[in-house]
Amino acid sequence: MIHRVLEGQKAVITGAARGIGLGIAEEFAELGAEVFGWDINSSDNSVFSAFFVCDVTNEASVAAAAEQTLTEAGHISILVNNAGVNGPTKPTWDYSLDEWTRVIDVDLTGVFLCSRALVGPMRDQGFGRIVNIASVAGKEGGPNACAYAAAKAGVIGFTKGLAQELAGSGVLVNAIAPAITETDLFGEMSEDYIADRKRRIPMGRFCTIEEIANVTAFAASPACSFTTGFTFDVTGGRATY
């Protein structure tokens, strides 16, 4: 993107301390947005106007971060639900309930809690953009990562439902479905799992953080004005619908 399509916008990005979240924050700031970071880990990166430690799985923590952010910012026009974990890469029958619950809590329940916390002020001001970072796994599934695929499929379904509830309010809700991207989450994945996911991409390479950030920026901008409930693919040709 070559012009400041987010000029004057104020954005919350979850999972913003590193990886995809930090890349989105940097892109948003370059495009003119004022960026507020939420993450379970702290950050003093200068890209953020303010940064709040927030556990997206904890209702009270999310409510506190929302209150602090709105007090600091005055209003929020964009929410990017990016915080996520991959979870273990192994067959479903080897998953413990704790492992399953952690993935669902971070990747799906966190999206619900953060959206619920900020959607009211967005409705009141008659404008907002919620962008949920899902995954192509939410469309196609994925062996040895069923918890992740289930959570991301839930994010896509939540996106569609919330978009329909908000249609006509000025608040649009869309999702981004990337293919596998080289981030710190690789540490949660086996080498065989990573190689298998790369083989599934017709372009033959990993998605980049910059590519995700570019698509997210459009979905979060006023230029995205008649698309809601949609999932934008960033998959190098993998996605078929």
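We did not get these values from a lab; they are worked out from the coordinates using the rules stated. What you see is a predicted model, and the numbers here were worked out from it, not measured in a lab. Positions of Cβ are backbone-derived with ideal geometry, glycine not excepted, and every protein chain shown enters the neighbour counts.
Go ahead and set up a Gaussian network model of the chain, Cα springs under 10 Å, then flag whichever of Ala83, Ala73, Ala151 fluctuates most.
Looking only at Ala83, Ala73, Ala151, the biggest GNM fluctuation is shown by Ala73.
Dipole of the stretch 10-232, Cα-centred, from +1 at each Lys and Arg C-beta and -1 at each Asp and Glu C-beta, to the nearest 20 debye?
Details: 15 positive and 26 negative charges, 154 e Å.
Value, rounded to 20: 740 debye.
Under 8 Å for C-alpha pairs, at least 6 residues apart: give me the relative contact order for the stretch 54-115, rounded to a whole percent.
Relative contact order for the stretch 54-115 comes out at 49 percent.
Of the listed peptides 120-132, 161-173, what is their order by residue-averaged count of other C-beta atoms within 10 Å, with the highest listed first?
120-132, 161-173
Only residues of the stretch 41-63 count here: report those whose backbone N is under 19 Å from the spot 7 Å along Cα→Cβ of Arg123, or say none.
It comes to 63, nothing else.
I'm a student and want to see the number: the projected area of the Cα convex hull of the stretch 179-232, averaged over all directions, in nm². Intermediate results must be reported in sequence, preceding the final value.
On the way: hull surface 19.1 nm².
Averaged projected area of the stretch 179-232's Cα convex hull equals 4.8 nm².
Could you work out the Rg to Rh ratio of the stretch 1-119, with Rh taken as the Kirkwood radius (inverse of the mean 1/r over all Cα pairs)?
Values: Rg = 15.1 Å, Rh = 14.8 Å.
Taking Rg over the Kirkwood Rh, I get 1.02.
Given H placed 1.01 Å from N in the peptide plane, which residues other than close sequence neighbours of Val80 have an amide H under 5 Å from its amide H?
Val12, Ile13, Thr14, Val131
Specify the residue with the greatest mean-square fluctuation among Pro91, Pro143, Pro178, computed from a Gaussian network of the chain linking alpha-carbon atoms under 10 Å apart.
Of Pro91, Pro143, Pro178, the Gaussian network model singles out Pro91 as fluctuating most.
Can you sort Tyr148, Tyr241 by how many other beta carbons sit within 10 Å, fewest first?
Ascending number of Cβ neighbours within 10 Å: Tyr241, Tyr148.
Determine the calculated [θ] at 222 nm for the chain from helices alone, applying -39500 (n - 2.57) to every DSSP H run no shorter than 4 residues and normalising by the residue count; nearest 500 deg cm²/dmol.
Helix-only estimate at 222 nm: -12500 deg cm²/dmol.
Taking only the Cα atoms of the stretch 10-232, how large is their convex hull per residue, in Å³?
Spread over its residues, the Cα hull of the stretch 10-232 gives 113 Å³ apiece.
For Thr101 and Thr208 in the same chain, what is the full-extension length gain: residue separation times 0.36 nm, less their Cα-Cα distance, in nm?
Contour length minus the Cα-Cα distance gives 35.7 nm.
Checking the cross-link filter: which aspartates and glutamates have an alpha carbon closer than 16 Å to that of Lys139, excluding same-chain neighbours under 8 positions apart?
Asp107, Asp233
So what is the relative contact order for the chain, in percent, with contacts set as C-alpha pairs under 8 Å and at least six apart?
Averaging sequence separation for qualifying contacts and normalising by length gives 20 percent for the chain.
Give me the net charge of Asn45's neighbourhood, meaning all other residues with Cβ under 11 Å from the Cβ of Asn45; Lys, Arg count +1, Asp, Glu -1. Before the final figure, lay out each step's value.
Working: positive: Arg18; negative: Glu26, Asp39, Asp44.
Net of charged neighbours comes to -2.
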